[in-house]
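What follows is a single structure, written as structure tokens, with notes after it.
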Amino acid sequence: MDNQKDFVLLKGNEAIAKAAIRYGYDGFFGYPITPQSEVLETLAADKPWETTGMVVLQAESELASINMLYGAGCTGKLVFTSSSSPGIALMQEGLSYMAGNELPGVIVSVGRGGPGLGTIQPGQADYYQAVYGGGNGDYNTIVLAPNSVQEMCDCMGKAAELTFKWRMPVIVLSDGMIGQMMEKVELPPYRPRRTDEEIAKQCPWATNGIGLKNRKYNFMSTLEFDPAVMEERNQKMAAKYHQVEAEEVDYELYRVDDDTEYLIVAYGISSRISMKAVDLLRETGVKIGMLRPKTLWPFPNKIISQLSERIKSILCVEQCEGQMINDVRLATEGQATVFHSGRSGGMVSSPMEVVEDFKSMAREKMSNNWPKGYWMK
Amino acid sequence: MKSEKFATAAVYQWVAHTRSSKFFTFSFLTLQLRTMTEEIIISGFGGQGVLSMGKILAYAGIMEGKEVSWMPAYGPEQRGGTANVTVIVSDDMVSSPIVSSYDTAIVLNQPSLEKFEPQVKPGGAIIYDGHSIIQPPKRDDINVYRIDAMEEAARTGNSKVFNMLVLGGYLKVRPIATVEDVVKGLHKALPERHHKLIPMNEEAIRRGMELIKKMN
């Protein structure tokens, strides 16, 4: 193991696997599915169990892998799984249980077109699945949205940190395109895995039997017969979620300045496409900028609200028929009109299509500005 | 910005052809200070080495200290079906990995030519393999190049260097990376056990540079 920095050309999926080894993950449990199979393939090829001691296991199904994650999370280990849309759908029950027990765990979702088995081409139709959750109960998960291969790599480190800091599952929501494309990546240096003593110190709640002489045994269950106790647990979790919303919001502004008139909001691959669209529109003199949420939950409500005080037309670009658009609408607090742009079902917008959608938005905005009943006079 | 990009590419090309005149060397240097972005589509049959050629080109870009992206058309592909990859090499951060028009299209079969010829930017270039293309490109607002790489590969009895011959031809008309950087890229892209094949590939790149012909 060398500790020097590496500049390599990697696929997004490969970057996730290599980053996990280097960030000192203790285990991976997963089941192959296009377009994220390279995660498992790269882990199998790199054989981290021989170097860092990380466990890599191909489970028999997605249900098994999320429940392995649940079990490992109970012991305070840093573990992750990865899957694509239908696989993540299967994992929702386990995810809800993990959230209920306030357990750490990282879930990488490399989205494809849906619903159902859908296509194997890239898609962003899993915004609701990741942000609002398909599992039952009052829970949230932190959702990170990388938009480049380098960020896929960095997200694994950030997720490892956040999942223990807040004791909640973290979802890295990516898409097939970032998973499959290659870019220049600077991999992080190797970080040793935590020792049992470090885990005991960091996770006094863990059911791992470490240091039992000095403490009471820990018990973990999501089942509670007394609704008053359950409510208390929910309230405690809600208080934590509010704190996360206050502290962990992350976003990036691209070419947004004081005289920006139009705004694009996009995450993941759509933000890369929109970046080019912004460049093309800026060349023609349109004052447009882009906001990219780096965390989808917590959502950057405050900055969108502030911007929509002066920017009245927002184009929400996503590769689905409109999911994040509702969060953007809420965040504007009715101060701006939000329009949708994007393809779905595995098709991906080109920058020119975003430009065309922008133009029709600008036209519509102009027609909306006519006084009501103008044509009647 | 667009026109600058074309100007840079055009001067690059001009200098590559003449390599004389102090005046042009001077303008070459001044223009180079502006940002360069090269958007390339490489398309052909699966098995022709389309994806690996793109990967080697991307690695060469990294060796030049540039930003790169490599976006394959992935899916339920099969041997003999079409394969294509979009490679972007740029001085700035690469924004969108997918684009609707290209600076250069390298087409290695007829369906690819039909699909990508209309998507080449005016002033851009199209490179095709003489053996695989029956009906050559017709556009006159782009530079058309022909390389008989398939024939050369068959003549030397080494069909595996086909894609490196084409890559050599490409680097001749668009010198976005030096042969030395491509070789460095090969060292990174290939596993160690294949490093003994690198001299053969380097030779193929240099041969490809000689083979390419301008058709219009």
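The values are calculated or read from the model by the stated rules, or taken from the named source; none is laboratory data. Only a predicted model underlies this, so the values are computations on that prediction, with no experimental measurement involved. Positions of Cβ are backbone-derived with ideal geometry, glycine not excepted, and every protein chain shown enters the neighbour counts. Only protein heavy atoms, including side chains, enter the accessible area calculation; ligands, DNA and RNA are left aside. Shrake-Rupley method; radii C 1.70, N 1.55, O 1.52, S 1.80 Å.
Table for the structure above
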| read-out | value |
| --- | --- |
| Filter result for B:Ile126 (without any contact (Cβ under 8 Å) to a residue 24 or more places away in the chain and open to solvent by less than 10 Å² (accessible area, probe 1.4 Å)) | yes |
| Filter result for the condition that a residue is within 14 Å of chain B (Cβ to nearest Cβ) and closer than 26 Å to A:Gly71 by Cα, over A:Met168, A:Met177, A:Met152 | A:Met152 |
| Number of the exception - B:Gln78 against (1) within 11 Å of chain A (Cβ to nearest Cβ); (2) at pLDDT below 90 | (1) |
| Test for A:Tyr262: is it among the hydroxyl-bearing types (Ser, Thr, Tyr), under 30 Å from A:Met177 (Cα atoms) and touching a Pro at 6+ places or on another chain (Cβ under 8 Å) | no |
| Of all residues in the stretch A:276-292 being outside any helix (DSSP H, G or I) and open to solvent by 10 Å² or more (accessible area, probe 1.4 Å), the one that is farthest from the other protein chains (Cβ to nearest Cβ) | A:Lys287 |
| Some residue of the stretch A:326-338 being farther than 24 Å from A:Ala246 by Cβ, surrounded by fewer than 17 Cβ atoms within 10 Å (Cβ to Cβ) and among the polar types (S, T, N, Q) | yes |
| Total residues in the stretch B:56-75, condition touching a helix residue (DSSP H, G or I) at 6+ places or on another chain (Cβ under 6 Å) and either of a type in the set (Phe, Trp, Tyr) or more than 7 Å from chain A (Cβ to nearest Cβ) (or both) | 7 |
| Test result for B:Ile98, open to solvent by less than 50 Å² (accessible area, probe 1.4 Å), more than 10 Å from chain A (Cβ to nearest Cβ) and either under 19 Å from A:Met177 (Cβ atoms) or out of contact with any helix residue (DSSP H, G or I) (no Cβ under 6 Å at 6 or more places or on another chain) (or both) | no |
| Selected residue (only one of A:Ile269, A:Ile273, A:Ile314, A:Ile304 is open to solvent by less than 60 Å² (accessible area, probe 1.4 Å), assigned to a helix (DSSP H, G or I) and away from chain B (no Cβ under 14 Å)) | A:Ile304 |
| Sole exception among (1) within 17 Å of A:Glu38 (Cβ to Cβ); (2) among the small types (Gly, Ala, Ser); (3) not in a helix (DSSP H, G or I) for A:Ser65, by number | (3) |
| Every pair of residues 6+ apart whose Cβ atoms lie under 6 Å, when the first sits in the stretch A:270-294 and is closer than 14 Å to A:Asp257 by Cβ while the second is surrounded by fewer than 20 Cβ atoms within 10 Å (Cβ to Cβ) and acidic (Asp, Glu) | A:Lys287/A:Asp259; A:Lys287/A:Glu261 |
| Residue satisfying all of: in the stretch B:173-195; in a helix (DSSP H, G or I) and in contact with a strand residue (DSSP E or B) (Cβ under 8 Å, 6 or more places away or on another chain); most open to solvent (accessible area, probe 1.4 Å) among these | B:Lys188 |
| So B:Tyr170, is it open to solvent by less than 70 Å² (accessible area, probe 1.4 Å), within 14 Å of another protein chain (Cβ to nearest Cβ) and either under 29 Å from A:Met352 (Cβ atoms) or among the charged types (D, E, K, R) (or both) | no |
| The one condition in (1) of a type in the set (Phe, Trp, Tyr); (2) open to solvent by 10 Å² or more (accessible area, probe 1.4 Å); (3) outside any loop (DSSP other than H, G, I, E, B) that A:Phe80 fails to fulfil | (2) |
| Where A:Leu263 falls short, out of the listed (1) crowded, with 19+ Cβ neighbours inside 10 Å; (2) of a type in the set (A, V, I, L, M); (3) in a helix (DSSP H, G or I) | (3) |
